[in-house]
Amino acid sequence: DEVVIKPPKEKYRRKGNPAVELAEEIISRRDKDNPFDNDYVSRDRYETFLIALDNFTEEKQQQAMFRKFQFLSDYVDTSKVSGKPILNVSTRELAATDYFQKKPERRKQLVHGREWIGIEDFLPDEEVRASLEATLKDIDLFNEQVLIMRNEFVSPFAGYATTYYRYFLQDTIDVEGEKCVDLAFAPRNLQSFGFTGHLYITVDSTHFVKWIQMNVPYDINLNFVEYMNIEQKFARDSIHPRLLTYECITAEFKLYDFIDGIYGRREVFYSNYQFNDSVSREPFTHQEHVIEPPEATERDDEFWAQYRQVELSKGESSMDAFVRGLEQIKGFKYIIFA
């Protein structure tokens with residue numbers, strides 16, 4: 001009636017393990033391959049940020065709280081992580097250029113365009129911006145520690161990572177035209193602050209890390225985060241072997257067991273890296289970290305068509321109409337506040 005198939009119990013070992021040897025090779029080149037080891041670096045960024053109500057099913061739309069908002073069904077989208085229906089309630093777009101100086105270490109950002117549409121239109125702008133920037137910061141996985149939600153996670157590229165993580169060689173796959181080996185990793189203790197995930201590394205002699213996908217383990221208590229996925233992609237040129245071109249952080253938050261939570265996604269596309277003499281020094285003459293001219297928030301559709309790296313989803317592109325629909329509902333501000 002039943003057949004149970006189990007793998008033999010296998011003892012993990014570090015010595016002589018080709019997966020560990022590959023990880024150690026990449027870790028040994030971590031600082032050497034760092035493009036920010038140059039005196040000056042700049043890069044363009046296009047960033048989108050989305051907040052949505054998670055699992056916004058037809059049954060939920062018929063609940064008493066949402067029944068009077070029948071128009072909401074026109075703005076239901078699909079989660080890129082779980083495939084569940086979500087209702088976008090806020091979107092942000094940012095087009096900017098980042099500037100880095102090595103000594104003394106300084107960072108500046110010149111904003112070309114910024115757009116915020118959604119429920120934060122009814123909230124204090126500075127509060128919203130501060131909370132978003134505190135939660136969703138740029139992540140450098142090649143540091144010793146990775147700071148997420150005020151918690152320090154051990155990077156899979158930390159100097160002591162091979163004693164903290166277990167590494168396993170998986171399949172060989174094609175990633176955007178290059179043959180890569182899948183190097184999986186997981187912390188020895190799944191309740192510790194580490195990651196579980198995959199490094200996709202080219203099989204040639206350079207062992208270039210082309211793609212990273214990883215999650216926060218389910219067994220740890222990370223505030224109200226039920227799920228978090230981090231994805232990064234890299235490119236290389238003849239001089240710089242590690243240029244970040246794409247980053248996506250997706251999270252699902254849940255406050256209480258009896259209600260569904262919040263879905264958030266931040267995507268960043270990086271391009272046009274410049275180094276040393278090619279980098280403008282003008283942004284470093286400003287005192288502020290973020291340099292934003294007044295016209296940055298008044299950009300038209302033609303501007304965004306030029307800067308957008310990806311087409312907006314149905315829910316993201318119709319956020320203006322969504323907000324106008326909310327404004328026509330009696331008492332909507334109290335619901336937004338809740």
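Points to keep in mind about this one:
- Per-residue SASA remark: Glu292, around 60 Å² accessible (1.4 Å probe; ligands, DNA and RNA not included).
- Take each peptide in 216-222, 282-288, count the other Cβ atoms within 10 Å of every residue, and average; sorted highest first, the result is 216-222, 282-288.
- Dipole size of the range 181-283 about its Cα centre, with +1 on Lys/Arg Cβ and -1 on Asp/Glu Cβ: approximately 240 debye, rounded to the nearest 20.
- Shape call, the range 224-296: gyration tensor on alpha carbons, a/c limit 1.5: oblate
- Protection proxy ranking of 156-163, 4-11 - average other beta-carbon atoms within 10 Å, highest first: 156-163, 4-11
- Among the listed pairs Lys103/Lys233; Lys9/Lys210; Lys11/Lys210; Lys84/Lys254; Lys103/Lys210; Lys15/Lys179, a Cα-Cα separation exceeding 21 Å is found for Lys103/Lys233; Lys9/Lys210; Lys11/Lys210; Lys103/Lys210; Lys15/Lys179.
- Centre separation in Å (Cα based) which lies between the range 148-181 and the range 1-57: 3 Å
- Among 296-302, 92-98, the order from most to least packed when residues are scored by Cβ within 10 Å on average: 92-98, 296-302
- Rounded, prolate or oblate (a/c below 1.5 giving rounded, otherwise prolate when a/b exceeds b/c) for the range 147-296 by Cα gyration tensor: oblate
- Cleavage-rule hits (trypsin sites (Lys or Arg not before Pro)) in the range 259-296: DSSP loop, at most 15 neighbouring Cβ within 10 angstrom: Arg281
The values are calculated or read from the model by the stated rules, or taken from the named source; none is laboratory data. Source: prediction; values computed, not measured. Here Cβ is always computed from backbone atoms with ideal geometry, including for glycine, and neighbour counts include all displayed protein chains. Ligands, DNA and RNA are stripped out before the accessible areas are found, and what is left, the full protein with its side chains, is counted by its heavy atoms. Shrake-Rupley method; radii C 1.70, N 1.55, O 1.52, S 1.80 Å.
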